[in-house]
1. Can you spot a residue in segment 29-45 that is within 26 Å of the chain's Cα centre (by Cα), more than 16 Å from ligand 1 (Cβ to nearest atom) and aliphatic (A, V, I, L, M)?
2. Scanning for something at pLDDT 95 or above, farther than 21 Å from Ser44 by Cα and part of a helix (DSSP H, G or I), does segment 138-152 turn up at least one residue?
3. Quick check on segment 204-214: of everything there that is away from ligand 1 (no atom under 16 Å from the Cβ) and surrounded by 15 or more Cβ atoms within 10 Å (Cβ to Cβ), which residue is modelled with the lowest pLDDT?
4. Being closer than 19 Å to Ala50 by Cβ, in a helix (DSSP H, G or I) and either at pLDDT below 95 or hydroxyl-bearing (Ser, Thr, Tyr) (or both) is the filter here, so list the residues in segment 296-329 that pass it.
5. Can you tell me which residues in segment 360-376 are within 8 Å of ligand 1 (Cβ to nearest atom) and not hydroxyl-bearing (Ser, Thr, Tyr)?
6. Could you please tell me which pairs satisfy a Cβ distance under 8 Å, a separation of 6+ or placement on different chains, a first residue in segment 150-163 that is touching a residue at least 24 places away in the same chain (Cβ under 8 Å), and a second residue that is β-branched (Val, Ile, Thr) and open to solvent by 10 Å² or more (accessible area, probe 1.4 Å)?
7. When you go through Ser33, Ser44, Ser4 one by one, which is the residue that is closer than 30 Å to Ala157 by Cα and out of contact with any His (no Cβ under 6 Å at 6 or more places or on another chain)?
8. Show me the strands (runs of 3 or more DSSP E) found entirely inside segment 330-430 where at least 1 residues are open to solvent by 30 Å² or more (accessible area, probe 1.4 Å) and in contact with a Leu (Cβ under 6 Å, 6 or more places away or on another chain).
Amino acid sequence: MTDSSIRAVRARRIWDSRGRPTIEAEIELADGSVGRGLAPAGASRGSREALDLRDGGTLLGGFGVAQALAGIAREIAPALLGRDARDQAGLDAFLIELDGTVLKSRLGGNALVAVSLAALHAAAASARQPLWQYLAAGNPVTLPMPEIQIFGGGAHAGRRIDIQDLMVMPIGATSVNEALEMTAEVYLAAGKIMTARGLLQGVADEGGYWPAFDSNEQALDTLVEAIESAGYDPRTQVAISLDIAASEFGADGRYRLGLDKRELDSDGLCALMLDWCARYPIVSIEDPLAEDDGAGLQKFTAAIGDRVQVIGDDYLVTNASKVEQAAADGAVNAVLLKVNQAGTVSETRAALEAAQRHGFGTIVSARSGETEDVAIAHLAVGWNAKQLKVGSFARSERMAKWNELVRIEEALGPQARFAGTAGLPKGKRS
Ligand code: PGA
Ligand code: ZN
């Protein structure tokens, strides 16, 4: 028995930002330290990500978590008692083996991720360190460049526009504080423009404006306008970052842009994305082609990867061996890291480390269904990921993460180093 050995594992049903049930796990150690892990949930999910275990049926839209909670109580909790919470790798390997399925469908990715994160938090609490510091283990850390959504679309806004996330990256900022202030100005300016033109229909799942645009390019034009009307230069101060989430509107080499009423093949969508990158101040683009279109992604990244960050989200599903494959074939040059997409903290870290070895961009990311949990702000700092994607600049489940970054920056004091554009491909660094 050491101080950090697990003496209790509890789990309960809580509710996420879409009002759906999710799981909170709590792990208590011999020294009294307690850690909590909260499972987020995606809406535009990659087909190879860890599967949440949901009850199905008619209650709560089928999203119930009674079975997943029962699995924690019956199998996971008793098996973890006495194990050392500081051995995250050993614990996660054990959870993976206990589940025994490729996509974690038996015990559920939602159960595993909550328990894995709870152990991490408990270990940090036992070490009496903030999570970012515990994760850094003495290595240098950076405050990440935020990627912040202004307009929501795709699966997060009733498919009102095809592009899922129209975001900004304050590339001219020199600190988190400044980056957030610049973003606040752009978010405010965009809201004014939308209201004045009668284009505002509320906010989407991640807090970005739910827009009534007539075309995808009108969304891009309005975003540039908002940046400029906030007083910033879109080439050097506040640039654009997109998540196309192309798997949501295309497969088998056919893409259907609902808003533009166009159907394109892989080459056609690739050409359109390259055209947007040439005509708009885009520094980063995520899933520009569908998860089954590796050849299309390779062509796209070969054409523009030296200047624009090309992120694999649905394409890489936070999987280290997929990152290795992409490094070999050049399909993308950056990876989105979602702990619940992998299912455990250790697998997420492995994907991060593979990406860092190959010089890929690394972006720690929230899900569209979130909670008040701020762990990802700590992961981004402690893992030196250099970029963080949380959603928009509204709704408390988003703001909680941005506000946590403000606190971490302050706690680091004179040692605080803002990543700025260091995580982006060199050709686009300001
Ligand atoms: P999701 O989307 O959380 O709904 O899967 C986020 C993303 O695609 O980045
Ligand atoms: Zn995405």
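1. Among the residues of segment 29-45, at least one is within 26 Å of the chain's Cα centre (by Cα), more than 16 Å from ligand 1 (Cβ to nearest atom) and aliphatic (A, V, I, L, M), which makes the answer yes.
2. Looking for residues that are at pLDDT 95 or above, farther than 21 Å from Ser44 by Cα and part of a helix (DSSP H, G or I), one finds none in segment 138-152, hence no.
3. Checking each candidate, the answer is Pro211.
4. Across segment 296-329, the qualifying residue is only Ser321.
5. Answer for segment 360-376, where residues must be within 8 Å of ligand 1 (Cβ to nearest atom) and not hydroxyl-bearing (Ser, Thr, Tyr): Ala366, Arg367, Gly369.
6. Gly152/Val203
7. From the options Ser33, Ser44, Ser4, the qualifying one is Ser44.
8. Correct list: empty, since no element meets the threshold.
The values are calculated or read from the model by the stated rules, or taken from the named source; none is laboratory data. Just so you know, these numbers come straight off a predicted model, no measurement behind them. We place every Cβ from the backbone using ideal geometry, glycine too, and count neighbours over all the protein chains shown. All accessible areas refer to the heavy atoms of the entire protein, side chains included, with ligands and DNA or RNA removed. Shrake-Rupley method; radii C 1.70, N 1.55, O 1.52, S 1.80 Å.
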